[in-house]
1. Over segment 47-110, what lengths in whole Å, largest first, do the semi-axes of the equivalent ellipsoid take, defined as the square roots of 5 times the eigenvalues of the alpha-carbon gyration tensor?
2. In angstroms, what radius of gyration and Dmax does segment 126-172 have, counting Cα atoms only?
């Protein structure tokens, strides 16, 4: 496989001290069983969406929803669960989240996990299969009042941010033919004329050229704006 591309190198992961890393898990092998813990790569900066930006709350806590669900649903040892919860709290603090936000989030996810049954899952699958998704641009928390109107309908709401990294990186093309204030200089007498137009500058310039050709002898003019 390493001969496919010289820029890519595949390395086999070997078991060390009866433990091996697989995706986001560390598998510990014992004599009678295996134990799991959460694995994070060493260069992981633990960066999520910050608490302060104007983003939907569901987007801000999406990473923590994943972290908490993983800790609650995987068969981790008590020691691994305690360590993972401490890591989640550290990540939240690093990204500006208050301490109580993750505690409340954990309580909420834990409650939902315990309440789930096979019957509820079937009903939920049947109910959501007919739903249609609609995307709203998130400008402020006030948009929640709008989406509450669709609460008891067959429409599910998703959010998109109004200010994305893509918008910041893409170069915006300006108007190459704007209107506004302009200055025209006569190359014959050297005098300047300053005017203002709500139409494109090129349109106004053509009008001046046409006027010169009809009324007087042709004169060459230079305009700047």
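1. Working: eigenvalues 88, 29, 18 Å².
Square roots of five times the eigenvalues give 21, 12, 9 Å.
2. Using the Cα atoms of segment 126-172, the pair Rg, Dmax is 14.2, 45 Å.
Just so you know, all these numbers are worked out from the coordinates, no wet-lab data involved. On a predicted model such as this, the values are computed, not experimentally measured, just so you know.
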